[in-house]
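The structure under discussion appears below in the form of structure tokens.
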Amino acid sequence: MSRHRLAAVLAATLLVAAGCGGTTKDNQSDSAGTQASATADPNAKLKEGLKIAYLPKQLNNPYSDVETSGGEEAVKELKGEYKKVGPNDAAASSQVSYINTLIQQQQDVIVVAANDPNAVCPSLNQARTAKIKVVTFDSDASKDCRDAFINQATTQGIGESLAKMALEQAGGSGDIAVLSATPNATNQNAWIEVMKTELAKPEYSKLKLVKIAYGNDDDQKSFQEAQGLLQSYPNLKVIVAPTTVGIAAAARYISSSSYKGKVQVTGLGLPNQMRQYVKDGTVKKFALWNPADIGYLAAYAGAALASGQISGAEGDKFTAGKLGEYTIGKDGEIVLGPPTEFTTENIDKFNF
Ligand code: RAM
């Protein structure tokens, strides 16, 4: 670790200790992409030995395990040091203490799926002051406190696909409810916003969104919320769960209840968790991307940032190993690719 870097880490540690937010103008302009872009060199070699730490929304979620398995694979290819830490619940501020520890450990890159767009920001900006590159993946933080964001697919595309699957599963009309993750989750909230805009269109006029429930990405809570939805809305036709935890819990509940065959479950799920519910007829269609690819792409983006190959500015290009070349879009966003829809026809082709 260079002396310069150590001094920066100490300065950030002092800020943490003093409880200062990292949102002053100086901090923001320090880490602004425009300043860094002047120094980015597309021909810079990727550094070896980079310390790349993953901080998913929560550890006890099978989705996070698949995501970070891709991260671990990429960090190995990059000859870096991989680490994964995180809370056991997805509450808004549960990640702050982990970020502070990662700063003290002088990581080179923090890859984080934010449980709340703002709660993590002061700490993430302190990390950036300490010359740590911050890559959000899966669930973004405010764009002022990260260098790049790996989005699984376009937010618009995911929201549209959720609305479309709900319409199809409802047979064109009826009551639908959303079973989401936490009320603060950046990703779910963005998808639900797009869904609402879609539902306002004429082709959706016979569909009524009666409730948005939150299972907090906790299996038991999600199961109870699914149960509660059916008690409150007995005419419900579809539960749309834009979370792998929620969709699996809702499908488990419906599959063993008298609502099986009457109430459809759709949304975003892991094929391995959903296979039995597709086979027993509870679920006809759901969607997802390969979470391992998000983790993989995030490591390469982090390494390219930490090596000075890219700055996070729009138009920057980098190669992400087996996934090929990516270009950074507006607001530092890097889109993995389109999601896949799973049905009884193709579910056995996927193993994650
Ligand atoms: C859950 C998490 C994650 C989300 C998936 C679809 O596992 O909320 O953030 O991307 O569902």
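The values are calculated or read from the model by the stated rules, or taken from the named source; none is laboratory data. Predicted, not measured: the structure shown is a model, and the values here were computed from it. Methodologically, a virtual Cβ is constructed for each residue, glycine included, from the backbone with ideal geometry; neighbour enumeration extends over all protein chains shown.
Annotations
- Residue, farthest from the ligand (Cβ to nearest atom), within region 252-272, restricted to residues that are farther than 22 Å from Thr155 by Cα and touching a Gly at 6+ places or on another chain (Cβ under 8 Å): Gly261
- Contacts under 9 angstrom Cβ, first residue in region 281-295 being among the basic types (Lys, Arg) and part of a helix (DSSP H, G or I), partner at pLDDT 95 or above and within 12 Å of the ligand (Cβ to nearest atom), 6 or more apart: none
- Each residue in region 44-92 was checked for being assigned to a loop (DSSP other than H, G, I, E, B), of a type in the set (Gly, Ala, Ser) and within 16 Å of the ligand (Cβ to nearest atom), and 4 pass.
- Among the residues of region 178-215, those identified as of a type outside the set (Val, Ile, Thr), in contact (Cβ under 8 Å) with a residue 24 or more places away in the chain, away from the ligand (no atom under 16 Å from the Cβ) and not in a loop (DSSP other than H, G, I, E, B) are Glu198, Leu199, Glu203, Tyr204, Leu207, Lys208, Leu209, Lys211.
- Residues that are assigned to a strand (DSSP E or B) and under 26 Å from Thr244 (Cα atoms), drawn from region 112-147: Val112, Val134, Val135, Thr136, Phe137
- All conditions but one from (1) over 22 Å from the mean Cα position of the chain (by Cα); (2) among the small types (Gly, Ala, Ser); (3) modelled with pLDDT of 95 or more apply to Ala36; the one that does not is (3).
- Breaking point among (1) among the β-branched types (Val, Ile, Thr); (2) within 15 Å of the ligand (Cβ to nearest atom); (3) more than 27 Å from Thr340 (Cβ to Cβ), for Thr129: (2)
- Residue tally, condition under 20 Å from Ile176 (Cβ atoms), within 13 Å of the ligand (Cβ to nearest atom) and surrounded by 24 or more Cβ atoms within 10 Å (Cβ to Cβ), over region 273-295: 3
- Of the residues making up region 312-352, those that are part of a strand (DSSP E or B) and either aromatic (Phe, Trp, Tyr) or touching a residue at least 12 places away in the same chain (Cβ under 8 Å) (or both) number 11.
- Some residue of region 333-345 being of a type outside the set (Ser, Thr, Tyr), within 25 Å of Asp219 (Cβ to Cβ) and in contact with a Lys or Arg (Cβ under 8 Å, 6 or more places away or on another chain): yes
- Residue check, Ser257 within 22 Å of Tyr214 (Cα to Cα) and either in contact with a His (Cβ under 6 Å, 6 or more places away or on another chain) or outside any helix (DSSP H, G or I) (or both): yes
- Condition met for Pro271 (in contact with a strand residue (DSSP E or B) (Cβ under 6 Å, 6 or more places away or on another chain) and farther than 19 Å from Gln220 by Cα): yes
- The conditions of being touching a residue at least 40 places away in the same chain (Cβ under 8 Å), within 14 Å of the ligand (Cβ to nearest atom) and in a strand (DSSP E or B) are not met by Val245.
So that you can scan it fast, the table gives a plain yes or no per residue for (1) surrounded by 18 or more Cβ atoms within 10 Å (Cβ to Cβ); (2) within 18 Å of Leu50 (Cα to Cα); (3) in contact (Cβ under 8 Å) with a residue 24 or more places away in the chain:
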position: Lys76; (1), (2), (3): no, yes, no
position: Lys83; (1), (2), (3): yes, yes, yes
position: Ala91; (1), (2), (3): no, no, yes
position: Asp108; (1), (2), (3): yes, yes, yes
position: Ala114; (1), (2), (3): yes, no, yes
position: Pro117; (1), (2), (3): yes, no, yes
position: Thr129; (1), (2), (3): yes, yes, yes
position: Asp140; (1), (2), (3): yes, no, yes
